[in-house]
Amino acid sequence: MILNQKRYSDNTNRFQFLQSINQQSFDLIIIGGGITGAGIALDASSRGLKVLLLEQKDFAFGTSSRSTKLIHGGLRYLKQLEFALVAQVGRERAVVHRLAPHLVIPEKLLMPLVKGGSYGRFGTSIGLKVYDIIADVKKEDRRVMLSAEETKEREPLLDENDLEGGGYYAEYRTDDARLTMEIIKKAIEFGAICLNYAEVIDFKYQDRNISGVKIQDHILGESFTFNADYVVSACGPWVDQVRSKVGPLGDKKLHLTKGVHLVLDYNKLPIQQSLYFDIPDGRMIFAIPRGRITYVGTTDTNYNGDKGQVRAEKADVTYLIDAINATFPTVNLSLDDVESTWAGLRPLIHQEGKSPSELSRKDEVFESENGLISIAGGKLTGYRKMAEKIVNIVTKKFKKHSSKELKECFTQEIKLGQYAFNNFQEVKIYTAALSEKLKGTKLESYAANYLVYNYGKGVEDILTDINDSFDEASLIIEEVKYGVENELLYSSSDYFNRRSGRLYFNIHSVLQYQNLVHEFLAKHFTWNESQQKQDRYQLDEEIRNVLHFKNEDVS
Ligand code: FAD
């Protein structure tokens, strides 16, 4: 059986595969399979390093499936005078869009200006202009300032009594977990080995320097050891936990803040485009329409709880509902209108005396005396530059003792997706053609958008055999098969949450088809009773978490 890295994109032969690489030596081991770890794996493997990435749960289990899902420059950070951060991530928007135009989609944002709001008309006009200039935004995408009437015309749900005008500017929308997955898949193509459900539990040392890691494999229930010249931790909110295994934390520590989003049926908040708006306590939040739903977020509060169990509490959801009702006076939403939620942790760097919203979003690199390199902070949008920074550090050290030829960073040229699109125009044409093709099936009209925005041209491997009775159940099974064969999908929650986004964006389909998926996976992986129980428990727990705010008093 050929079990090389490229071949290993599913978990079926996991035992043989792990045995074949146990005790092997790597140039670089990366701990953490969020966007940061994925980016590092792609950068390092494409330069020529032999890479192993280890994720304790599923890829993007942490913050990278729980963000606002925008590829944005962070307009807000201009107010905090973070020009370098805004310039860097702002420029990265266009790069990431070019690399994955089906997954990083242009999205205009409307910023209504209201009486007593955060930014006046003059401040907004200057702020958005600076944003365009330092982020090198193309002429046709530059900001437009609108009158109160024009703003109301673009968004009829806004309260005209409060409106003073609006700013209209360009950002991009994405799916954070899918983006992470596409980067992981590309890293695998370049030879990286990427394993989910592989938790690093300890380190190996040689002459007091880290020389490898010990993992607990949560699929096989066994431990394995891997050696490496260098080990990088990209563990997001878990960075300090991992750092504390190798030595004292020192002065710089993480400061975790929680951000919550809620999901509504689109018809409950039928906004015409994405909005970034002031709310009564002086903060600003996003409302983003996405197919059959609109989502709204986020909150920003200190967090000291369980990092693996972050969820929206009733108070978080009520805060967002009140904010929506204050901005769109005719919608009158209540807690009952909320279909789903998600909550994530920002792994920020602690600064004494600063409130959650004031903390810098800049990334930070920590190096321990025994060689562990850790990175935390930053933005989803800036993943590529963070990866470049880390891999530059690693290759500089590596070249001192190895004559192996390594390339310079060229991730700005590595297109993401199985059969990449050249530009967004192609994506639109492809989606329209798919939409036509799906008219002959029982799928709903938004299926083409859902499929292309999630899987790109990978849909061709999902829709291999459609006919007039092809319905949502058939689609789900085909998606699951694709996930198992190409994306290391191992559980029902991998599919419903991080591969398809259904847990957030179509929770009805999760409740309706959970048994179907569970039974397919149980048969495919020949699970015993306890494995089946575990799969059901894991998904139930994720469902309970997103609906926790409804039942807070009982659990
Ligand atoms: P994570 O995604 O948390 O990944 C770390 C991984 O390490 C986890 O999957 C974890 O399971 C794994 N791990 C931990 N310990 C171990 C171990 N011992 N062994 C193996 N694996 C381990 N940025 C944007 O650009 N745009 C946005 O719209 C945006 N919105 C946001 C909204 C919210 C509410 C939040 C919280 C953040 C937002 N961000 C946004 C920031 C962005 O999401 C994060 O910067 C980014 O996702 C962090 O990725 P990461 O890979 O560093 O961390």
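Under 8 Å between Cβ atoms, which residue pairs at least 6 apart in sequence (or on different chains) link something in the range 230-241 that is on the phi > 0 side of the Ramachandran plot with a partner that is part of a loop (DSSP other than H, G, I, E, B) and within 6 Å of the ligand (Cβ to nearest atom)?
Short answer, once both residue conditions are applied: Gly236/Gly32; Gly236/Gly34; Gly236/Gly62.
Can you run down the residue pairs with Cβ atoms below 7 Å, 6 or more apart or on separate chains, where the first is in the range 313-337 and within 17 Å of Ile288 (Cβ to Cβ) and the partner is crowded, with 21+ Cβ neighbours inside 10 Å and not aliphatic (A, V, I, L, M)?
Between residues of the range 313-337 that are within 17 Å of Ile288 (Cβ to Cβ) and residues that are crowded, with 21+ Cβ neighbours inside 10 Å and not aliphatic (A, V, I, L, M), the close pairs are Val317/Thr341; Val317/Phe549; Leu320/Gly297; Leu320/Thr299; Thr327/Phe277.
When the residues of the range 30-58 are filtered to those that are farther than 18 Å from Arg178 by Cβ and of a type in the set (D, E, K, R), which remaining residue is nearest to the ligand (Cβ to nearest atom)?
Filtering the range 30-58 for residues that are farther than 18 Å from Arg178 by Cβ and of a type in the set (D, E, K, R), the one nearest to the ligand (Cβ to nearest atom) comes out as Asp43.
Taking the options Leu320, Leu345, name whichever one is in a strand (DSSP E or B), under 21 Å from Arg283 (Cα atoms), at pLDDT 85 or above and not aromatic (Phe, Trp, Tyr). Lay out the reasoning, then the answer.
Working: Leu320 fails: in a strand (DSSP E or B).
Criteria check complete, one pass: Leu345.
Could you figure out which of (1) farther than 24 Å from Tyr131 by Cβ; (2) more than 9 Å from the ligand (Cβ to nearest atom) isn't true of Ser65?
Going through (1) farther than 24 Å from Tyr131 by Cβ; (2) more than 9 Å from the ligand (Cβ to nearest atom) one by one, Ser65 breaks only (2).
Quick check: anything in the range 292-314 more than 26 Å from Pro156 (Cβ to Cβ), within 12 Å of the ligand (Cβ to nearest atom) and in a strand (DSSP E or B)? Show your work before the answer.
Just the residues of the range 292-314 that are more than 26 Å from Pro156 (Cβ to Cβ), to begin with: 299-314.
Pick out the ones that are also within 12 Å of the ligand (Cβ to nearest atom) and you get 299-301, 303, 307-308, 310, 312.
Now restrict to residues that are in a strand (DSSP E or B): 301.
Yes, that holds for at least one residue.
Consider the range 479-501. How many of its residues are closer than 13 Å to Gly458 by Cβ and touching a Ser or Thr at 6+ places or on another chain (Cβ under 9 Å)?
The total comes to 6.
Scan the range 475-488 and report the pairs whose first residue is closer than 14 Å to Ala522 by Cβ and whose second residue is outside any loop (DSSP other than H, G, I, E, B) and of a type in the set (Lys, Arg), with Cβ atoms within less than 9 Å and a gap of 6+ or a chain change.
What qualifies is Val480/Arg499.
Pairs please, first residue from the range 500-528 and under 24 Å from Arg14 (Cβ atoms) and touching a residue at least 24 places away in the same chain (Cβ under 8 Å), second anywhere and in a helix (DSSP H, G or I) and of a type in the set (D, E, K, R), Cβ atoms under 7 Å, 6+ apart in sequence or on different chains.
These pairs meet every condition: Ser500/Glu479; His518/Asp535; His518/Arg536; Leu521/Asp535.
Quick check on Asp251: is it acidic (Asp, Glu), surrounded by fewer than 18 Cβ atoms within 10 Å (Cβ to Cβ) and closer than 27 Å to Glu364 by Cα?
On the way: acidic (Asp, Glu): yes; surrounded by fewer than 18 Cβ atoms within 10 Å (Cβ to Cβ): yes; closer than 27 Å to Glu364 by Cα: yes.
Judged against the criteria, Asp251 is a match.
When only residues in the range 222-274 that are over 17 Å from Arg346 (Cα atoms) and hydroxyl-bearing (Ser, Thr, Tyr) count, which is farthest from the ligand (Cβ to nearest atom)?
Restricting to residues being over 17 Å from Arg346 (Cα atoms) and hydroxyl-bearing (Ser, Thr, Tyr), the top hit is Tyr266.
Only one residue in Gly353, Gly382, Gly377, Gly344 is over 18 Å from Val86 (Cα atoms) and within 16 Å of the ligand (Cβ to nearest atom), so which one is that? Write out each step before concluding.
Details: Gly353 fails: within 16 Å of the ligand (Cβ to nearest atom); Gly382 fails: over 18 Å from Val86 (Cα atoms); Gly377 fails: over 18 Å from Val86 (Cα atoms).
Result of the check over Gly353, Gly382, Gly377, Gly344: Gly344.
When you go through Glu472, Glu436, Glu405 one by one, which is the residue that is within 29 Å of the chain's Cα centre (by Cα) and either modelled with pLDDT of 95 or more or charged (D, E, K, R) (or both)?
On the way: Glu436 fails: within 29 Å of the chain's Cα centre (by Cα); Glu405 fails: within 29 Å of the chain's Cα centre (by Cα).
Of Glu472, Glu436, Glu405, the one residue that is within 29 Å of the chain's Cα centre (by Cα) and either modelled with pLDDT of 95 or more or charged (D, E, K, R) (or both) is Glu472.
Scan Asp278, Asp229 and give me the residue that is over 30 Å from His508 (Cα atoms) and either of a type in the set (Val, Ile, Thr) or modelled with pLDDT under 95 (or both). Reasoning before the result, please.
Numbers: Asp229 fails: either of a type in the set (Val, Ile, Thr) or modelled with pLDDT under 95 (or both).
On inspection, the qualifying residue turns out to be Asp278.
Of everything in the range 397-422, what is outside any loop (DSSP other than H, G, I, E, B), of a type outside the set (Lys, Arg) and surrounded by 12 or more Cβ atoms within 10 Å (Cβ to Cβ)? Give them in sequence order. Before the answer, list the steps.
First pass over the range 397-422, keeping only residues outside any loop (DSSP other than H, G, I, E, B): 397-399, 411-413.
Now drop any that are not of a type outside the set (Lys, Arg), which leaves 398, 411-413.
Correct list: Phe398, Thr411, Gln412.
Could you tell me which residue of the range 68-81 is surrounded by the fewest Cβ atoms within 10 Å (Cβ to Cβ), considering only residues that are more than 7 Å from the ligand (Cβ to nearest atom) and in contact (Cβ under 8 Å) with a residue 24 or more places away in the chain? Working first, answer last.
Step one: filter the range 68-81 for residues more than 7 Å from the ligand (Cβ to nearest atom), giving 73-81.
Checking the rest, the ones that are also in contact (Cβ under 8 Å) with a residue 24 or more places away in the chain come to 73-80.
Working: Gly73: 29, Gly74: 21, Leu75: 24, Arg76: 18, Tyr77: 20, Leu78: 21, Lys79: 13, Gln80: 16.
Looking at residues that are more than 7 Å from the ligand (Cβ to nearest atom) and in contact (Cβ under 8 Å) with a residue 24 or more places away in the chain, I get Lys79.
Show me the strands (runs of 3 or more DSSP E) entirely contained within the range 169-219 in which 2 or more residues are free of Cβ contacts under 8 Å to residues at least 40 places away in the same chain. Break it down into steps so the answer makes sense when it comes.
Details: elements: 193-195, 198-206, 209-217.
Where strands (runs of 3 or more DSSP E) fall fully within the range 169-219 and carry at least 2 residues being free of Cβ contacts under 8 Å to residues at least 40 places away in the same chain, they are 198-206, 209-217.
The values are calculated or read from the model by the stated rules, or taken from the named source; none is laboratory data. What you see is a predicted model, and the numbers here were worked out from it, not measured in a lab. Heads up, the Cβs are rebuilt from the backbone with ideal geometry, glycines too, and the neighbour counts pull from every protein chain shown.
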